[in-house]
Amino acid sequence: MILARGAVAPDFALANQFGQTVRLGDFTGRTPVTLVFFPLAFSRVCHSELCELRDNFSMFEAAGTQLLGVSVDSKHTLRAWAEAESYGFPLLSDFWPHGAVAASFGAFDESTGLALRATFVIGADGIVRESFTSPRGEARSLDQYRAALAGQ
């Protein structure tokens, strides 16, 4: 079960695709965060999802939220993918301890060793404003993001 609305988002520190540490706590008191867990870089559904987010990045800017993608891929894999697809937002590596951050949000599938397709809109106060998932193999829709951002 993923963290629900009203839960305190667990703080974390993960490397982005450039090896720089990104801490959720660094955004607290400054800006909301939209945290997007996805199973694997370079996979078909993840590719379509993140390209759609890239192509609609203005939606996140208009909502004043920092978009962060998270998977269990290595920072090297995420960098290659971000460069290949021109993703203009950070991709964070939950590589080691494997999936620990996804698990802290209830968004880790132990049977596959991958993050679920789970999204969390986190207020500047560190509280989950909205959260949602999609079934395995199904992309999240922009309408789900619009509704979640409107509810923050």
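The values are calculated or read from the model by the stated rules, or taken from the named source; none is laboratory data. Fair warning: this is a prediction, and the values are worked out from it, not measured in the lab. No Cβ is skipped: glycine too gets one built from the backbone with ideal geometry, and neighbour counts run over all protein chains shown. Note: areas computed on protein heavy atoms with side chains; ligands, DNA, RNA excluded. Shrake-Rupley method; radii C 1.70, N 1.55, O 1.52, S 1.80 Å.
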| task | Take the Cα atoms of segment 49-98, find their three principal axes, and give me the spread along each one in whole Å, biggest first. | result | 34, 22, 14
| field | Volume per residue that the Cα convex hull of segment 84-152 spans, once the total is divided by residue count, Å³ | value | 130
| request: Alpha carbons only, please: Rg and Dmax for the chain, in angstrom. | output: 13.7, 37
| field | Separation of alpha-carbon centers, segment 1-31 and segment 131-152, rounded to whole Å | value | 18
| request: Hey, for a label at S134 modelled as a point 7 Å past Cα toward Cβ, could you say which residues of segment 28-61 have their backbone N under 17 Å away? | output: 35-57, 59-60
| field | Accessible area (Å², per residue) of the chain, counting only protein heavy atoms and a probe of 1.4 Å | value | 46
| What does the charge dipole of segment 48-104 about its Cα centre add up to, to the nearest 20 debye, if the Cβ of each Lys and Arg holds +1 and the Cβ of each Asp and Glu holds -1? | 200
| message | Can you report the principal axis dimensions of segment 1-47 using only the alpha carbons, biggest first, rounded to whole angstrom? | response | 35, 29, 16
